[in-house]
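What follows is a single structure, written as structure tokens, with notes after it.
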Amino acid sequence: MRGALISLQQTRAVKRRRERLGRENWLHIGSPQAGPKVAAILSVVENCRRLKISLRDYLASILCGIADLPIRCLPDLTPSAWVAQRS
């Protein structure tokens with residue numbers, strides 16, 4: 001029982017260390033202009049993860065024709081709209 005408790009405490013410590021390191025890494029994104037771009041990319045990644053869709057499949061489907069689309073069609077390219085269209 002004692003070994004399991006130590007293992008659990010070590011696992012929690014490792015998780016806290018990773019979270020702290022992640023926060024420190026994201027403090028230095030390069031430039032003030034990069035912040036909104038990184039946030040936009042991460043929001044797409046997290047939306048795909050939340051919807052349980054493959055980021056690779058989503059991006060492959062979206063990026064091949066995005067240059068030819070008018071701006072008014074961009075809401076149709078969000079991960080949730082993409083899932084709805086494929087259902």
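None of the figures in this text is laboratory data; all of them are computed from the coordinates on show. From a predicted model like this one, the values you see are computed outputs, not experimental measurements. Here the Cβ positions follow ideal geometry from the backbone for every residue, glycine too, while neighbour counts run over all protein chains shown.
Label points 7 Å out from Cα along the Cβ direction at Lys52 and Val38: separation in nm?
Those two pseudo-labels are separated by 3.1 nm.
By how many nm would the segment from Val83 to Arg12 grow when fully extended, if each residue of separation counts as 0.36 nm and the alpha-carbon distance is taken off?
22.0 nm
Taking a quarter of the surface of the convex hull around the Cα atoms of region 32-87, what do you get in nm²?
Its Cα hull, projected and averaged over all orientations, spans 4.3 nm².
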